[in-house]
Each structure stands twice: as structure tokens, then as C-alpha cells.
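J.: Just dropping this structure here.
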Number of protein chains: 2
Amino acid sequence: MIHHRTPEFAHIHAEVLEHLKPLYGTSQTVLPVYATGRGGMEAGITNLLSPGDEIVACCNGRFGEMWAQLAESYGLGLHRVATDWMRSAGPAEVEDAITRHPKVRAVAVTHSDTATGVLNDVRAIAAVARKHGKLCLVDAISSLGGTPFAMDEWEVDCVVTGSQKCLMSSPGLAFVALSERAWKAMETAKLPKNYWNLMDFKASIAKGDLGAHRTSPVHLFLQVTEALAMIEEEGLQNVWRRHEAIAELTRRRAQALGVPLQCPDLTRLSPTVTALALPAGVSPKDVRDGLKKRGIMTAGGLGQLEAHGIRIGHMGDIRLPDVDRTMNALAEVLDELRVPASR
Amino acid sequence: MIHHRTPEFAHIHAEVLEHLKPLYGTSQTVLPVYATGRGGMEAGITNLLSPGDEIVACCNGRFGEMWAQLAESYGLGLHRVATDWMRSAGPAEVEDAITRHPKVRAVAVTHSDTATGVLNDVRAIAAVARKHGKLCLVDAISSLGGTPFAMDEWEVDCVVTGSQKCLMSSPGLAFVALSERAWKAMETAKLPKNYWNLMDFKASIAKGDLGAHRTSPVHLFLQVTEALAMIEEEGLQNVWRRHEAIAELTRRRAQALGVPLQCPDLTRLSPTVTALALPAGVSPKDVRDGLKKRGIMTAGGLGQLEAHGIRIGHMGDIRLPDVDRTMNALAEVLDELRVPASR
């Protein structure tokens, strides 16, 4: 154990935040939030907005809906767009909502929503927000590190990620990067907060002792340190390419098995997770149990996609042979489960 | 790694919460808060109170002051009592504040404040709160597991602890236990919250799947599991007695060295930490560096006690020989530092 108020830990803490910047595509300071990803999202909402503000939330998935729920919890005016989980969120509908509601102050969107397997076009949505002078908040929890993100270039204002997805660590630690516009907005944002208060960090940043600022989850920082070293060793571009390749293989193998995507009309798919729809009459629980017996952990469908859904996560330290093994096992399990029915 | 949405982890999660009950002295459900202790305190405030409510905060230490700051962050009416760090918080001043301010809805107090080494009389303060129908919130972060706590018997309503003190684990996980009065208050409490919303857990408690409710910091639960097993193996009463013994030895040895307590007039002292005042002219940094060279980590004075303070933590897996070693080293270091001055 390293104590969190030591020069040793301050160094580790600073290094983690520094080495996250390329993943974010930012030269801004990255801040830690000592909570899971949802806490990072709540920090974004409470630090940037004030009572009476309105927000446009892209709700095409469980985690898009989480932005909406956070806004509602704080009594913000809320405009849900892209509520169809089967479709990608489009900049036109965001722009339409902004235009119709002048009190809108921010647009919130999920980059990769693991509920559906969508990869929303953050660049296009941020461009619309920027054009109208609105802030753009992005949940990049399941995408950052697994797919290109260019926060500065795309002019995104608040980007949240978590330790447990492409950062390959235990859950419990989130990170938030803020644009200069966001720092400016924080000066006047009036939603109540204490634990989430990111302005608290400002003095510590200047002193270079962010690690001493709060009681830090030391072991999670150690895990993320190792994860970032692994990413740098492989090369970030290579990590991104690998994720694209394993996602493509997953989809190709699923198609060959006759198992369609749950949301086949999405315009862009997440390279970190694939949501599949099992054939009618095949229980997701049985399939997942069969895979588990073979040492493979999968997730069920989320929310409205629960009845037929099975989700294959392929983020972090996953390689092509892992996908092969998974899809071979899925073929076996489906075969087994179909046999009794055909007898 | 165990995934947080598995029966295996649900079992671990449930066991941790169950085995915390004796430490709390409660038969109530203990809930997790996926944050550091301060997050648990904020969950207490936001779940029990509404805009317009007032609170009495016992501020005799850094962490008592944290209750006050949390209340201020949420715009609650705040009445600071026991603002003298040199004294224990007394029930009379709490009762006086309650009587003078009819809109007071809750009293908040720190059990063991590590800034001063006080052990506030929670039983007496809770009794006053109860007598007047007010809720009593207790920060037991640095005391629970190291000293007796009797939440049900003392009629305390909200008790917060954290993973990194007497629970001997990494920081990042808090726990909150709530009385039936607190559960009732939660139904009407209107401060905004989302991540801190403990009512969310109610349905999950009924279903017995608290572990699946949120993304849990899995490794912290595993650490606390081991810590609770260690406590049970030694016997909780024995753990409490051991903490009392090591605290007494620390104080006796300090006295023999001519190093007084920082707050000698406290009526009850924490068995988990001792705050000492170094002689004038002896720099706390030099002393701590000297101890560190000998492999012993201590803390500096906090807040107004920074100039002369050194704090010796003796909580968790600390034994009498550790105290001896620490105090022998302190004797050596003080000797070294005094030599040049006397030449």
C-alpha cells in the first residue's frame, strides 16, 4: 500500500492523468472523479449547469437515458432526442431541439452505448452544439482507449470515462476532461455539489499536488497505471485498430451463425461491444449459461433489448483468438440448444 | 477479476454488508456508497434533508467541519456548535442550538476526528437529538471497527464509515447504515441527488441483489471481505480492546518523551489516532522525515494544528510492538533533532 498523501503517490496520480490525454485527444487537464462512471457524468452535469438550465439528451440507449435521468434528478429542463434505440443519434435532431428551446445550455450524448452497440457520431453532434454556442457533454466510458477520440479537434466540452472498460481495471474510478469553455462555465454553474465539485481541484492543479487533494483510491490508480503502460507499449493506434478488427470478426462470425445484430440499422457500430439478437425460442440465459460453462462471460440484453439480447464485450485486453474461441463456443451452444427443438 | 453482475459477486457483496452489522451495532441494512467516506456523508445529507431544512454541526475538528461544508454546499441552514478544536463536543451545546432553532432537522457529529484525536460522545449527542425528534448523523469513518459503536442502542439515524481506516482496505468505498426513522425521512427528503440516491437500493434489497444494482468496486469489496474475516477471527471485542491498549501505550510513551497531546483537554480520546504537539522549534516535517527513514509513516497536523502537529495513526492491523517501535524511533529522532540546538 502506498499512502495517498506521499510524493510517491502524487507522482503516480499525475502520471495517470498525463498519460490519459492521448486517449482523450486533448491537451487539457484530465481530472479524476473518485466514483464509477456515473459519478463522472454527475460531476459533468453539476459543474456545468445551473437551476433553470435546459439540456438536450440523446437517449438511444441505456446510458443515453442515464444522462436524461441525471438531468431530471437535478430538476433541469430536459429535451429527449434520438429516443429510438434502434437508430444512431443524428445531429439534425439535436439541432432541431436546440433551435426550438432557447434555454438549452448543453447537449449530452453517449459515444459507445453498450446497450445497443451504437457508436454515436460525437464529432457531428459536438459540431452542432458548438455552432449554437452550447456545451457538449460526452459519456465515453465504454469507448475511450478502444476507439479514436479527438476531444480538442471535435470541440467537445466534457468527456467522461471509467476505469473498468478499455482501461482494463477494477470499477470505481472515473476521469473527466474539460474544455476551456467548460472551465469558464464552471465559474458560474450553480447546481449544488460538494464531492463532485471540480473547481476544488483548480488550486491543487496549480500546485501540482492533485493526489493530495482528496483521499484517492490508490489501488485503482495503480491498476490504471499498468493499463496505460500496456496501451503505450502496444501503441494507441494499434490498440484502436485491434479493437476495430476484433469487432469486425465478432460481427462476421455472428452473421455466419445466423445471429443478427440487435440494432442492424445503426449507422456506426461500437468497436468495444456487440449486441446480438438470439433466434426466437432460444433463451439468452441458456446461451449465456452454456458459454459460462465454457469459461466465457457474456452479458444479457439491457432494458428493452433484454428478451432476446446477448452482448459480447470485446474491449481492453482481448485478441482475435479470444473472439474465435467465443464464437466457436457460441456455435456449439446454439447447436446444443437447437437440437432438442428439432427432435 | 469477478464480474460485478454475477451470483459469485452478489454473494460477496451481501456478506460484506451482513458482516458489517456487528461493527455498527445494528440490525438495519447496511448500504454501500461507491465513493470515499465524504461521499457517504454527502449521501447522508442529501437523502435525509430538504431545501429549507437546518442542521446543527459539531465542528470540533476537520471532519466535523466537513459536515458543515456539506450542509453549506446544499444551501441548508447551518448552525455550527463545538467550534473549539481543543474541546469535545457536548450535548448541552447541541441541545441549546436545537432549542433556539426550530427548523433544525438533524444533528451531525464526527465520532473520532483524526484532526484532533477526539472521540466525541455520540451516545449523549444522539440522545439529545432523539429527545427533540431530530435526526442524528454520525461520521464514524475512522472509528467503526476500532471502538465500540451501538447504532441501534444509541438511536443514531445515519452512520457512515469508509474502507480505508479500521477496515484496513484501500480507499474508495463507503458504507452507510440507516435507522427506520432515516428510511422514513428519505421518503420525503428533497435535496437533489442521483449517484447518492439510497432509495434506489430499496427495491434491490427486497430482491436480495444489491450487488447487481450498480457497477461495484469489486476489488474493494474483496479487500473488505478479508478485513472482516480478520476482525471476526480475532473477535470484535478483542479488536476493540487491542485498539484501546495501543492507544494507551502511544499516549503513555509520548508523555514519557515529554511530547504532550495536541488537545489535552478532550474528555475522551480516540483509540485509533493520537495527535501530538511537538516542542517549539522542532519541525514536524523533520520529525516525520526522520521517522520515514526508519520505515514509519506518520501524518502531519491538520488545519489549525498544522504548525506543531504530528499524528500517529494506530488503527486496523497495528499491534503493541508496532507502537513500541514507533515510539522508540520517535525518541531517536527527537534526540537527533535536539542535539544541534543544545550545542
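The values are calculated or read from the model by the stated rules, or taken from the named source; none is laboratory data. Predicted model only: the values in this text are computed from it and were never measured. Here Cβ is always computed from backbone atoms with ideal geometry, including for glycine, and neighbour counts include all displayed protein chains.
J.: Kindly establish whether A:Gly77 is in the same structural domain as A:Lys190 (by TED's automatic domain parsing), modelled with pLDDT of 95 or more, surrounded by fewer than 21 Cβ atoms within 10 Å (Cβ to Cβ) and touching a strand residue (DSSP E or B) at 6+ places or on another chain (Cβ under 6 Å).
T.: Values: in the same structural domain as A:Lys190 (by TED's automatic domain parsing): yes; modelled with pLDDT of 95 or more: yes; surrounded by fewer than 21 Cβ atoms within 10 Å (Cβ to Cβ): yes; touching a strand residue (DSSP E or B) at 6+ places or on another chain (Cβ under 6 Å): yes.
The answer is yes for A:Gly77.
J.: Identify the residue in the range A:117-141 that is away from chain B (no Cβ under 14 Å) and in a loop (DSSP other than H, G, I, E, B) and, among all such residues, is surrounded by the fewest Cβ atoms within 10 Å (Cβ to Cβ).
T.: Taking the range A:117-141 as the starting set, the residues that turn out to be away from chain B (no Cβ under 14 Å) are A:117-138, A:140.
Next, only the ones that are in a loop (DSSP other than H, G, I, E, B) stay: A:117, A:120-121, A:132-134, A:140.
Numbers: A:Gly117: 28, A:Asn120: 29, A:Asp121: 18, A:His132: 13, A:Gly133: 9, A:Lys134: 21, A:Ala140: 29.
Selected residue: A:Gly133.
J.: Looking at the range A:142-261, what helices (runs of 4 or more DSSP H) fall wholly within it and have at least 3 residues that are touching a Ser or Thr at 6+ places or on another chain (Cβ under 8 Å) and surrounded by fewer than 19 Cβ atoms within 10 Å (Cβ to Cβ)?
T.: On the way: elements: A:151-154, A:180-186, A:200-207, A:210-213, A:218-234, A:236-256.
No helices (runs of 4 or more DSSP H) qualify here.
J.: Among the helices (runs of 4 or more DSSP H) contained in the range A:1-95, which hold 1 or more residues that are away from chain B (no Cβ under 12 Å) and under 16 Å from B:Pro192 (Cβ atoms)?
T.: A:37-48
J.: Let me ask something additional. Please pick out the residue among B:Ala140, B:Ala229, B:Ala124 that is touching a strand residue (DSSP E or B) at 6+ places or on another chain (Cβ under 6 Å) and assigned by TED's automatic domain parsing to the domain that holds B:Thr26. Walk me through it before giving the result.
T.: Values: B:Ala229 fails: touching a strand residue (DSSP E or B) at 6+ places or on another chain (Cβ under 6 Å); B:Ala124 fails: touching a strand residue (DSSP E or B) at 6+ places or on another chain (Cβ under 6 Å).
Exactly one of B:Ala140, B:Ala229, B:Ala124 is touching a strand residue (DSSP E or B) at 6+ places or on another chain (Cβ under 6 Å) and assigned by TED's automatic domain parsing to the domain that holds B:Thr26, namely B:Ala140.
J.: Considering the range B:172-216 alone, what residues qualify as being modelled with pLDDT of 95 or more, within 14 Å of B:Leu31 (Cβ to Cβ) and at the interface with chain A (Cβ under 7 Å from one of its Cβ atoms)?
T.: B:Lys193, B:Tyr195
J.: Tell me which residues, restricted to the range A:277-295, are away from every other protein chain (no Cβ under 14 Å) and under 25 Å from the mean Cα position of the chain (by Cα).
T.: Matches in the range A:277-295: A:Ala277, A:Leu278.
J.: Among (1) more than 18 Å from B:Leu302 (Cβ to Cβ); (2) touching a residue at least 40 places away in the same chain (Cβ under 8 Å), there is one condition B:Asn120 misses while meeting the rest; what is its number?
T.: Only one criterion in (1) more than 18 Å from B:Leu302 (Cβ to Cβ); (2) touching a residue at least 40 places away in the same chain (Cβ under 8 Å) is unmet by B:Asn120, namely (1).
J.: If you check B:Asp324, B:Asp286, which single one turns out to be touching a residue at least 40 places away in the same chain (Cβ under 8 Å) and more than 23 Å from B:Thr116 (Cβ to Cβ)?
T.: Values: B:Asp286 fails: more than 23 Å from B:Thr116 (Cβ to Cβ).
Selected residue: B:Asp324, the only one of B:Asp324, B:Asp286 that is touching a residue at least 40 places away in the same chain (Cβ under 8 Å) and more than 23 Å from B:Thr116 (Cβ to Cβ).
J.: Regarding A:Thr110, is this residue hydroxyl-bearing (Ser, Thr, Tyr) and either over 23 Å from A:Leu20 (Cα atoms) or out of contact with any Pro (no Cβ under 8 Å at 6 or more places or on another chain) (or both)? First the steps, then the outcome.
T.: Details: hydroxyl-bearing (Ser, Thr, Tyr): yes; either over 23 Å from A:Leu20 (Cα atoms) or out of contact with any Pro (no Cβ under 8 Å at 6 or more places or on another chain) (or both): yes.
Criteria met by A:Thr110.
J.: Hey, among A:Thr298, A:Thr274, which residue is within 14 Å of another protein chain (Cβ to nearest Cβ) and among the hydroxyl-bearing types (Ser, Thr, Tyr)?
T.: On the way: A:Thr274 fails: within 14 Å of another protein chain (Cβ to nearest Cβ).
Criteria check complete, one pass: A:Thr298.
J.: Filter the range B:302-332 down to residues that are of a type in the set (Gly, Ala, Ser) and either outside any helix (DSSP H, G or I) or modelled with pLDDT of 95 or more (or both) and give me whichever is farthest from B:Leu276 (Cα to Cα). Working first, answer last.
T.: Of the range B:302-332, the ones of a type in the set (Gly, Ala, Ser) are B:303, B:307, B:309, B:313, B:316, B:329, B:331.
Now restrict to residues that are either outside any helix (DSSP H, G or I) or modelled with pLDDT of 95 or more (or both): B:307, B:309, B:313, B:316, B:329, B:331.
Values: B:Ala307: 11, B:Gly309: 6, B:Gly313: 11, B:Gly316: 20, B:Ala329: 15, B:Ala331: 13 Å.
Among those residues, the one meeting the criterion is B:Gly316.
J.: Assuming B:Leu167 fulfils every condition listed in (1) under 19 Å from the mean Cα position of the chain (by Cα); (2) touching a residue at least 60 places away in the same chain (Cβ under 8 Å); (3) within 24 Å of A:Glu42 (Cα to Cα) apart from one, which condition is it?
T.: In the conditions (1) under 19 Å from the mean Cα position of the chain (by Cα); (2) touching a residue at least 60 places away in the same chain (Cβ under 8 Å); (3) within 24 Å of A:Glu42 (Cα to Cα), B:Leu167 misses (3) alone.
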